[in-house]
Amino acid sequence: MMNDSSNSITVIISEKLSKTGMVNHFFSTRKGGVSSGVFSSLNFGSQHGEASNMVRNIDLLNGAIAGGSSRFVIPKQTHSDVVAVVDADNLDNCFDSTDALITNLPNVFVCVKTADCVPILLFDPVLRVVAAVHSGWRGTAQNIVGKSIELMGAVFGCSSSDIIAAIGPCIGKMNYEVGREVVEAMSLVLDNPSESITARHGKNENFCLDLVQANVQLLCQAGVNLDNIDYFSFCTFSEPELFYSARRDGSKTGRMLSGIMIQ
């Protein structure tokens with residue numbers, strides 16, 4: 001659901017995560033920041049001269065959702081399947097070539113950036129462990145969300161059946177056309193690829209990929225209960241007033257930020 005703060009920042013929150021009362025989380029939109037032009041206005045990308053605006057936008061977001069007192073940890077994403085654990089000793093790390101972060105530290109937002117790809121937030125309310133996952137088609141094909149859950153279990157003892165997952169806004173199926181090489185990659189990790197992939201009408205070698213349903217399937221394959229998975233009907237491509245979209249706007253566009261923190 002949408003949540004508007006007093007300083008005009010608009011974020012999207014998951015009812016399933018909110019109901020636990022144990023985490024603070026958000027999926028940002030492009031509303032309420034200081035960036036201008038094609039990056040208007042709550043841009044969390046640091047390229048194209050936007051680094052200083054990104055810092056200011058993080059400060060605004062921090063003030064709006066956490067009273068300005070929380071730490072934000074954001075990895076340098078490369079569409080990898082690398083998952084890192086954030087602890088008291090590495091809070092200042094850059095987390096190069098990393099696309100998912102896990103922590104059990106309170107008051108620390110683990111975050112990922114997206115602009116069509118899938119942001120996934122995970123929470124184990126039993127052992128109080130959270131994760132933020134960036135999963136575009138490459139991350140999905142590498143099952144980064146499954147690997148994140150596996151590492152939560154290996155490091156903290158989390159059980160997948162306890163985990164609550166929220167899949168944030170991403171590009172919708174009808175606007176996400178892919179080629180056969182993507183279909184073949186997905187077929188290696190999805191038990192039922194036809195649930196997420198359909199042939200594009202009139203085009204023999206083109207298909208539509210439903211990244212949300214693909215990740216729902218991967219979450220279930222990892223042992224997450226379907227009733228514990230939350231997702232939305234937003235499409236980043238078709239809603240330019242709310243979201244940045246790399247496929248719609250090209251490489252010179254902004255980035256949304258998604259994060260989760262133990263309270």
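The values are calculated or read from the model by the stated rules, or taken from the named source; none is laboratory data. Treat the numbers as computed from the prediction; the structure is a model and nothing was measured. Heads up, the Cβs are rebuilt from the backbone with ideal geometry, glycines too, and the neighbour counts pull from every protein chain shown. These accessible areas exclude ligands, DNA and RNA; they are computed on the full protein's heavy atoms, side chains included. Shrake-Rupley method; radii C 1.70, N 1.55, O 1.52, S 1.80 Å.
The residues on offer are THR78, THR10, and the sole one that is of a type in the set (Val, Ile, Thr), under 22 Å from ILE167 (Cα atoms) and touching a residue at least 40 places away in the same chain (Cβ under 8 Å) is THR10. Quickly run through the range 70-79 and pick out the residues that are open to solvent by 30 Å² or more (accessible area, probe 1.4 Å) and in contact with a helix residue (DSSP H, G or I) (Cβ under 7 Å, 6 or more places away or on another chain). Once the filter is applied, which keeps residues that are open to solvent by 30 Å² or more (accessible area, probe 1.4 Å) and in contact with a helix residue (DSSP H, G or I) (Cβ under 7 Å, 6 or more places away or on another chain), the range 70-79 yields PHE72, HIS79. Give me a count of the residues in the range 22-41 that are free of Cβ contacts under 8 Å to residues at least 40 places away in the same chain and either in contact with a Phe, Trp or Tyr (Cβ under 9 Å, 6 or more places away or on another chain) or not polar (S, T, N, Q) (or both). Here the count works out to 4. Tell me, which residue of the range 137-173 that is in contact (Cβ under 8 Å) with a residue 60 or more places away in the chain, within 18 Å of ASN206 (Cβ to Cβ) and surrounded by fewer than 23 Cβ atoms within 10 Å (Cβ to Cβ) is nearest to the chain's Cα centre (by Cα)? The selected residue is TRP137. Inspection of the range 85-104 finds a residue satisfying the criterion of being open to solvent by 30 Å² or more (accessible area, probe 1.4 Å) and assigned to a strand (DSSP E or B). For the range 185-231, taking the residues that are farther than 23 Å from HIS25 by Cα and in contact (Cβ under 8 Å) with a residue 40 or more places away in the chain, the one that is most open to solvent (accessible area, probe 1.4 Å) is identified as LEU188.
Here VAL182 fits the description: part of a helix (DSSP H, G or I), farther than 26 Å from VAL110 by Cβ, modelled with pLDDT of 95 or more and open to solvent by less than 50 Å² (accessible area, probe 1.4 Å). All conditions in (1) assigned to a helix (DSSP H, G or I); (2) touching a residue at least 60 places away in the same chain (Cβ under 8 Å); (3) of a type in the set (A, V, I, L, M, F, W, C) hold for LEU242, with the sole exception of (1).
Conditions (1) modelled with pLDDT under 95; (2) open to solvent by 40 Å² or more (accessible area, probe 1.4 Å); (3) touching a Lys or Arg at 6+ places or on another chain (Cβ under 7 Å), marked per residue:
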{"residue": "SER35", "(1), (2), (3)": "no, no, no"}
{"residue": "SER41", "(1), (2), (3)": "no, no, yes"}
{"residue": "ARG56", "(1), (2), (3)": "no, yes, no"}
{"residue": "GLY68", "(1), (2), (3)": "yes, yes, no"}
{"residue": "ASP81", "(1), (2), (3)": "no, yes, yes"}
